[in-house]
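Below is one structure. I have some questions about it.
Values in this text are rule-based calculations from the coordinates and carry no lab data. The model shown is predicted, which means the values in this text are computed figures rather than measured ones. Every residue, glycine among them, receives a Cβ derived from its backbone with ideal geometry; neighbour counts consider all protein chains shown.
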Amino acid sequence: MSDAIRASWLQSQYVEAMTFARHSDVLSLAPVAGAPPYKYIAEFRCKGLCATSEGVSVIDQHLVGILFPDQYLRRNCSPGQILTWLEPDTEFHPNISPPFCCVGHIAPGMSLLSLLHQLYLMITWQRFTAREDDALNRHACSWARRHLDRFPIDPRRSMLNAPAAQANTAEVANHEFA
Amino acid sequence: MATATVVGLGNIGSAITTLVARMPGITGIILVDPDSYDESNLATQMIDRSALGKPKVEVQAASVLAINPRIQVETFDEPVENVPLESLRSSVFISCVDSRRARQSINRIAWRCASPWIDAAVDAPSLIRINAYSPGEKAPCLECSWDQASYDLLEQDYPCDAADLSAPATMAPAELGLLAASLQAAELRKLINPAPNQGNSLVGAQLMLDTSTHEQYLAQFKYTRDCRFDHLCWEVETVNFDLRSSRLADLFDAAQTQADPVISLEGHVFATHLDCIACGKRSTAGLSLYHRLPARARRCPCGGQMFAPGFFSFETLQRSDLSPANLDLKLTALGFRYGDVITVDSASSRSRHLGIGAGQADE
């Protein structure tokens, strides 16, 4: 991977996703390594489910680690290499078995914003696999089939606050990395 | 005197090995394929019943030596991505693989070694395609002609299912594989023994042949400035180590740089712990190259696959980040092998590539 191409791509992802996160009441995004960043912690403040001793309960905070490997624009990296489920470790979802989560096919170069959106749809049960042979958590999968009336857990289709789609990207775009 | 590395020993690869063995000027051949022959291969590959159940590299090595006992043969029954770069180095790479992912790896390896490569593919019932590339900073590579849709088609392994990355068998007729192998061999001959009467090399171009209509097409490749591959050929400096006694700190010392060096092994990640996809069990095996761990270490006692979560894996190691205990780890314990090429980066100098004890036999 050309360093210049990768750096330019990472910079554009940073600008786009940070701008989005600033106008979202659901998402917080923290770069944790690289300049421009290649590693983030995403915090989702939306309703999802976790397993408890009594069964299943609703929770509203979820942390996911996102890493763009060096060859992310060229290679089909495993979702397990890109996404790491951090908290809670009791998250209850057919596609999640901490530290692993599976949002399906991640094409080389899929944008950070697309990944965040896929994660949001998954956490809120707007998207899940109903096939046990395809599930990371088979128990959650069979549970889901018995409780289809409960989904989505969080019905908001978008992570954005009202009219923030017109967000001004300038302040983030002008950020210079050393 | 030339050597050839053949990757993939199926429909095309099982035919080309014996052609290479017969070629004047070839003194060595390196064979790479992780699979064994099975019953379904009899109809489409150049083997007989005695090959069934045996590793492909073993069968083809025997065929080569039966034709030319003076040829030096090395075999690797593992994915090409896992074989140390210097162990693959040869005059020409011959690609007979059936997946985009493997082809992409061979493109990278050939460029790093600055050796030309010839790619062949068949598409049943009648299509044959031969491409040839010669590495250079501005030379067209496999990925120069790829768009996003091409990258989207790359095979991916998912943690949520039992990943089988092997591409489905092409089931192309044997004669198609044999014809592709013959065309590939003809190009190999031009590359290792260029002579005016041998005609033009296919380097930088693609030949497509349709045996159903007898039509052929020749297309030229073009270098793309925005290609996602870096097109770098590496100058490898050999550093001799005894892998069993040398420590990670010795590798950093060999970098001989004032600044805090960062090392990496292209295509590999270092893991500190593994998690079972099925039962969630965590194994803290210590710092190691994930893909070099033995199969048993990547298999949980429950039967599930152990993966290294990306967020807790490292593509690079920086000396200042490592504990004394990690710096004291033996290179074999980390998974390094003879022939690996370590890239050393530091703030004060350009990248260097150190080959570990190239020329020594792997243990």
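For chain B, with only Lys/Arg (+1) and Asp/Glu (-1) charged at the beta-carbon, what is the dipole magnitude about the Cα centre, in debye rounded to 20?
Once rounded to the nearest 20, the dipole reads 460 debye.
What order, most packed first, do the peptides B:244-250, B:83-89, A:10-16 have when packing is the mean number of other Cβ atoms within 10 Å of each residue?
Highest-to-lowest ranking by the protection proxy: B:83-89, A:10-16, B:244-250.
Also, I was wondering about something else. Using 0.36 nm times the number of residues separating residue B:72 and residue B:114, minus their current alpha carbon distance, what extension gain do you get?
Extending this stretch completely gives an extra 13.0 nm.
Return the distance in nm (one decimal) between the two label points of a simple spin-label model at residue B:40 and residue B:325, each offset 7 Å from Cα along Cα→Cβ.
Result for the modelled spin labels: 4.7 nm.
Taking beta carbons within 10 Å but only from partner chains, what does the mean come to for residues A:66-79?
For peptide A:66-79, the averaged partner shielding equals 6.
Just tell me how shielded A:130-136 is by partners: mean number of partner chain Cβ atoms within 10 Å of each residue's Cβ, no decimals.
2
Report the label-to-label distance for residue B:65 and residue B:205 in nanometres (one decimal), using points 7 Å from each Cα along the Cα→Cβ vector.
Result for the modelled spin labels: 4.0 nm.
Could you order peptides B:58-66, A:56-64 by the average number of other Cβ atoms within 10 Å of their residues, highest first?
Sorting B:58-66, A:56-64 by mean packing, highest first, produces B:58-66, A:56-64.
Among DSSP beta bridges whose residues both lie in the stretch B:1-80, state the antiparallel percentage, nearest 5.
10 percent
Which ordering of B:230, B:48 is given by a fewest-first count of other beta-carbon atoms within 10 Å?
The fewest-first ordering by Cβ neighbours comes to B:48, B:230.
For the stretch A:1-77 and the stretch B:68-103, compute the distance between their C-alpha centroids and round to whole Å.
38 Å
Please compute, for peptide A:91-102, the average count of beta-carbon atoms on other protein chains lying within 10 Å of each residue's beta-carbon.
Partner Cβ neighbours, averaged per residue: 4.
Another question about this same structure. How much of the DSSP beta bridge set in chain B is antiparallel, as a percent to the nearest 5?
65 percent
Let me ask you something else. Run the reach check for residue B:190 against aspartates and glutamates, Cα to Cα strictly under 19 Å, same-chain hits fewer than 8 apart removed. What comes back?
Here the aspartates and glutamates satisfying the reach criterion relative to residue B:190 are B:119.
Taking all pairs of distinct Cα atoms, average 1/r, flip it, and tell me the Kirkwood hydrodynamic radius of chain B in Å to one decimal place.
For chain B, the Kirkwood estimate is 21.9 Å.
Just from its helices, what would the mean residue ellipticity at 222 nm be for the protein assembly as shown, if runs of 4 or more DSSP H residues each count -39500 (n - 2.57) and the sum is divided by every residue, rounded to the nearest 500 deg cm²/dmol?
Value at 222 nm, helices only, nearest 500: -6500 deg cm²/dmol.
For residue A:39, list the lysines whose Cα falls under 26 Å from its own Cα; do not include residues on the same chain fewer than 8 positions away.
Once the sequence-local lysines are set aside, what remains near residue A:39 is A:47, B:281.
Please compute the contact order of the stretch A:1-80 in relative form: average sequence separation of alpha-carbon pairs under 8 Å and at least six residues apart, divided by the residue count, as a percent.
24 percent
Order A:133-146, A:99-112 from most to least packed using the mean count of other Cβ atoms within 10 Å.
A:99-112, A:133-146
Same structure, new question: Across the protein assembly as shown, how large is the tail of the calculated P(r) beyond 39 Å, expressed as a percent of all Cα pairs?
That tail contains 33 percent of the Cα-Cα pairs.
How large, in Å, is the stretch B:185-339 by the Kirkwood hydrodynamic radius built from its alpha-carbon pairs?
20.1 Å
Calculate the FRET efficiency for residue B:253 and residue B:1 from the Cβ-Cβ distance with a Förster distance of 45 Å, rounded to the nearest 0.05.
That pair, residue B:253 with residue B:1, gives E of 0.80.
How large is the charge dipole for the protein assembly as shown, taken about the Cα centre, if only the Cβ atoms of Lys, Arg (+1) and Asp, Glu (-1) carry charge, to the nearest 20 debye?
Taking the Cα centre of the protein assembly as shown as origin, the dipole is about 120 debye.
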